[in-house]
Each structure stands twice: as C-alpha cells, then as structure tokens.
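The values are calculated or read from the model by the stated rules, or taken from the named source; none is laboratory data. Worth saying up front: this structure is predicted, and the values here are computed from it rather than measured. When we count neighbours, we look across all protein chains shown, and the Cβ atoms used for this are built from the backbone with ideal geometry, even at glycine.
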Amino acid sequence: MEDSIMRKRIVVYIALIGSFSVLFVSCLKDDLLKVPFQSYAPVYLGDGWEIAEPAEAGIDGEALKEVYKYVHNENNAWQIRSLLVFRNNKLVAESYMKNPVDRTNLHPLWSCTKGFIGILTGIAIDKGFISIEDNISDFFPNAPSNKKEITIENLLTMKSGINYSNDGYNGEDCILFREIPSNSIDFVLGLNMHASVGTSFLYKNSDPHLLSAIIQEKVGKTTRDWAKEALFDKIGITNLEWRTYKDGVTFGGFGILTTPREMGKIGQLVANGGIWNDEQIVSTNWIYEMTTVRVFDALTELSDDMAFCYLWWKDVSRDADFTMGHGGQFIIVNKDKNLTIVITSEQHPAFEFGLLPDDAVLIYDKINNITK
C-alpha cells in the first residue's frame, strides 16, 4: 500500500517537472524504488582511494550495515542514489541505491559547485591573486555605481545585494540560461538591487558566478582550467567536467559533473584542514574562515540549524560543514573526526520532493554516532 502511494506521489512530481520526466520513468515501474542492499564494501578502482575496513576506521561495521539497509529500504528516502563514507583519507563504505554505474558515471552536483568555488577562492587568496576586501570595480571597472563597492567577501556570503532569483522557470536563471545573453557578467551587473551592498543575505547563483569571473580575470585562464592545475590534479580528481558559459566564464553557481568518489576528495581535503598527502593545497586558515558562520538562520524554511559560511553551510547544532546541491547532493564533513559522508540523489525533483538537509543529516547522525 505504501509503495502504491509513493508511486502516485512520484507521478504527480513528474507531471510538475515536465521535460525532466524521462529521467524518472523507471520509478513508475512496479518494481522497488531502489535495488536491494547487498554490500557496502568499496570496489578498488585505482582512483587514488585506499580502502579501509570499518573497524580499522573506528566505525561499527554491523551498525553501519543497518544504516545502509535503512537507506536501501526506506521509501521515504527514495531519492537517494548513493551513500559513501570516508574516514582518515580512506574509503570505508559505498553503495548505489539505483544503479552501480553511478560509481563512475558523471552526474551534476548543482550548487555543490559553490563549495568548490569557495575552496578555489581561498587558493587564489593564498597565492595573492585577490584579497577578501577587493571590490568588484577592481576587476570590472564598468560596473554600475550601485555595485562598485561589492567586495569578494560580499560575494562569498551572498550579500552583494543584487536581485537575482535561481528560479529556472521565472527567475534570472531562466533568462540567463534560456535566453542566453552574450555576456553573463554584464547581465548580472545590469540587474537591479534588492538591498544595499553587504546588508542582506539572498541565496543565488549570481554571486559565485562573479567570483568565478574574477578568478579568471586574475589567473589568466578559465576557472575550470586553473582548478585542474591548482586543485584537481593535486588531490587526484580526474573524473570531472565543468561547464562554461558561452562568453568563456566557467559557471560559478553550478556546472560541475563528477562522481561521489571524487566528491569525497573535496570533503576529505576540508576535513584535513586543506592538506592532501602532506601537501598544503589551501591554507588551514582559509578552511577555518570558509567554514565559520557568517549568516545565522540562513534558510529557516529548510532547517532551523542551517547557517551560511563562505559558500559552505554549517549545521550549527552538529558543527558539521557541508555543501548541498539541488535535489539532494551533499558533501558533509566532521573535521573533528576526519569523517566525510557523501550523498547523491535524483537530479531534477521538484523542490518538495528533493532530499532536504534535515533528511541528509539524519543519515549523517546514524553514521557519526557509530564512529569513535
């Protein structure tokens, strides 16, 4: 009976998102919403991940098995495609709830991309390309007078004041990525302001996109190409694509396609304080600054515990740092335990059907609570 009700809900959801329905035809079949649980033992791929047994990583293996059974069997968590656990720079557990090809197939991270931009901004600051106090007029001298005083920090905290909506049907995202203006930066800088610079938080794709353009301006190559040199190659991320706008600016608010195992490398870099294989990739000070709360109660409609940092989020009750992307893509980090949990989900659910932060941290709690 519950499965029947769930399938009816999914039919309604598919009707809501129209053009994306082909992605979810399999959900309408009479079989299970997820494949049965078999094992959480990771597969060795030679992709840079060493593999550890749960006991070696200080995690209760039998209790971990129950967590994976729950995720596989719980139809209220039907969106989840993968769950991976990393600790002390090793892959401890992985399972794919829809299809094992998700282990190596690329999928969009959506707003988790913002977390990558946060790290790259820190690297650019560490290397002296930019500073947190720089104004965008230093990079875009033709910026309108009401935007000239926007700083790098304002962009990191979504306090530019620019009136931009991420709504892909009615907002500026719709205009930018359907009508496709020739210059994405001129488009963003030409928008009205919803508030004075630095006074009001508004979560949006425009601010990290401006950061991407600023990084490109200073390093002399696309953010995508520079990220490969300054970050991805250094931590062994090879299975990744990053989309670029037609004006040559790498998308800053979203645009990365990669795998859950590669997402785990970003999480472990943060858990390690910016160090990878004894090399300081980004300063430990920046990791601290990036994960320090700047906006309390940022999105209370999603969770009372969510606070915004520098393009990263923090669950303040758990002191857990995370990135999140549309539909339910998460990298969740406990720096004290050197623990990273990656969750990926169906890509295009209507908002009310996505895996929300409160759902994701419940899974995080189950794993964190069995980790010494």
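Some values worked out for this structure:
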| quantity | calculated |
| --- | --- |
| Lone qualifier among 305, 336 - being modelled with pLDDT under 95 and over 24 Å from residue 252 (Cβ atoms) | 305 |
| Residues that are farther than 21 Å from residue 110 by Cβ, outside any helix (DSSP H, G or I), among the aliphatic types (A, V, I, L, M) and touching a residue at least 24 places away in the same chain (Cβ under 8 Å), drawn from region 257-282 | 281, 282 |
| Matching option when the condition is surrounded by 19 or more Cβ atoms within 10 Å (Cβ to Cβ) and charged (D, E, K, R), among 172, 179 | 172 |
| Answer residue from region 48-78, given it is modelled with pLDDT under 95 and assigned to a loop (DSSP other than H, G, I, E, B) and is surrounded by the most Cβ atoms within 10 Å (Cβ to Cβ) among those | 78 |
| Selection within region 353-372 - surrounded by fewer than 17 Cβ atoms within 10 Å (Cβ to Cβ) and among the basic types (Lys, Arg) | 372 |
| Any hit, region 313-323, residues being within 19 Å of residue 82 (Cβ to Cβ), under 19 Å from the mean Cα position of the chain (by Cα) and among the polar types (S, T, N, Q) | yes |
| Near pairs, Cβ below 6 angstrom, 6+ apart or cross-chain, from region 35-51 (free of Cβ contacts under 8 Å to residues at least 60 places away in the same chain) to any residue that is small (Gly, Ala, Ser) and in a strand (DSSP E or B) | 40/93; 40/95 |
| Identity of the residue in region 90-109, in a loop (DSSP other than H, G, I, E, B) and surrounded by fewer than 21 Cβ atoms within 10 Å (Cβ to Cβ), that ends up nearest to the chain's Cα centre (by Cα) | 106 |
| Answer residue from region 288-302, given it is of a type in the set (S, T, N, Q) and modelled with pLDDT of 95 or more and is surrounded by the fewest Cβ atoms within 10 Å (Cβ to Cβ) among those | 292 |
| Residue that is assigned to a strand (DSSP E or B), crowded, with 16+ Cβ neighbours inside 10 Å and of a type outside the set (A, V, I, L, M), where the choices are 129, 86 | 86 |
| Checking residue 157 against (1) more than 18 Å from residue 120 (Cβ to Cβ); (2) surrounded by 15 or more Cβ atoms within 10 Å (Cβ to Cβ); (3) touching a residue at least 12 places away in the same chain (Cβ under 8 Å), the condition it does not meet | (1) |
| Qualifying residue in region 212-224 (condition: among the β-branched types (Val, Ile, Thr), more than 22 Å from residue 258 (Cα to Cα) and touching a Lys or Arg at 6+ places or on another chain (Cβ under 9 Å)) | yes |
| Selection within region 200-240 - assigned to a loop (DSSP other than H, G, I, E, B) and over 17 Å from the mean Cα position of the chain (by Cα) | 200, 201, 202, 220, 221, 222, 236, 238 |
| Selected residue (criterion: surrounded by the fewest Cβ atoms within 10 Å (Cβ to Cβ)) from residues of region 310-326 that are free of Cβ contacts under 8 Å to residues at least 40 places away in the same chain, assigned to a loop (DSSP other than H, G, I, E, B) and in contact with a strand residue (DSSP E or B) (Cβ under 8 Å, 6 or more places away or on another chain) | 319 |
